[in-house]
Amino acid sequence: MSDQEHKEKEMDKEIPNQEVENENADGINDSANDVEDSDAEPVESENDLLKAEVEKERNNFLRLFAEFENYKKRTSKERIELFSTANKELMTVLLPILDDFERGLKEIEKSSDDALMQGMQLIYNKFKNTLNQKGLKEMEVKQGDTFDAEIHEAITQIPAPSKKLKGKIIDTVEKGYKLGETIIRYPKVVLGN
């Protein structure tokens with residue numbers, strides 16, 4: 001064999017070996033690509049699962065946060081209502097005493113003792129101002145006002161002194177009071193018939 005034939009044989013041997021190596025390299029690359037592709041799908045689905053889990057936890061957190069905010073608002077409102085009406089029972093008990101003071105002042109006005117009148121007036125004003133500071137408000141009812149069953153309590157009807165007062169309030173027998181915006185005692189009125 002000549003040198004040239006020998007080289008050609010070696011080349012033939014090398015070419016198929018290179019083709020095999022290329023095929024293996026391609027095969028390895030293909031299988032590596034397959035592995036990457038198979039890894040890529042689970043990675044994507046794993047990412048999707050993680051995203052879904054994060055979204056679920058985020059929604060749970062938002063719900064919990066909203067529930068807590070509602071709880072805070074509700075308890076705050078209940079606390080405000082409790083403070084505003086906590087004095088209701090005490091105020092209801094003190095109203096007859098306030099009425100007695102007013103009746104006592106009317107009787108003292110009839111006497112000529114100015115020092116007694118001034119002393120009683122001072123005590124009455126202090127008592128009334130203290131109740132007003134705690135939220136007690138007197139309901140204003142005047143003669144000639146329209147009767148409203150929502151805010152007045154009619155105790156009797158009398159013939160109206162004039163046509164203008166027919167169906168209207170003639171007199172107030174007992175004053176009405178509010179504690180904040182809640183009526184704790186309705187004014188007792190006399191209606192014209």
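The values are calculated or read from the model by the stated rules, or taken from the named source; none is laboratory data. What you see is a predicted model; the values in this text were computed from it and never measured. Don't worry about glycine lacking a Cβ; one is built from the backbone with ideal geometry, like all the others, and counts go over all protein chains shown.
Tell me, which residue of segment 86-136 that is touching a Gly at 6+ places or on another chain (Cβ under 8 Å) and not in a helix (DSSP H, G or I) is nearest to I158 (Cα to Cα)?
Among those residues, the one meeting the criterion is G135.
Could we say that L116 is among the aliphatic types (A, V, I, L, M), exposed (fewer than 15 other Cβ atoms within 10 Å of the Cβ) and out of contact with any Lys or Arg (no Cβ under 7 Å at 6 or more places or on another chain) here?
It is true that L116 is among the aliphatic types (A, V, I, L, M), exposed (fewer than 15 other Cβ atoms within 10 Å of the Cβ) and out of contact with any Lys or Arg (no Cβ under 7 Å at 6 or more places or on another chain).
Results for (1) within 17 Å of G135 (Cα to Cα); (2) out of contact with any strand residue (DSSP E or B) (no Cβ under 6 Å at 6 or more places or on another chain); (3) loosely packed, with under 11 Cβ neighbours inside 10 Å, shown as yes or no for each residue.
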{"position": "R58", "(1), (2), (3)": "no, yes, yes"}
{"position": "F68", "(1), (2), (3)": "no, yes, yes"}
{"position": "F83", "(1), (2), (3)": "yes, yes, no"}
{"position": "N87", "(1), (2), (3)": "yes, yes, no"}
{"position": "L98", "(1), (2), (3)": "yes, yes, no"}
{"position": "L105", "(1), (2), (3)": "no, yes, no"}
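From the list T130, T92, which residue is surrounded by fewer than 17 Cβ atoms within 10 Å (Cβ to Cβ), in contact with a strand residue (DSSP E or B) (Cβ under 6 Å, 6 or more places away or on another chain) and modelled with pLDDT of 90 or more?
T92
Please find, among V141, V190, the residue that is closer than 28 Å to F83 by Cα and β-branched (V, I, T).
After applying the criteria, what remains is V141.
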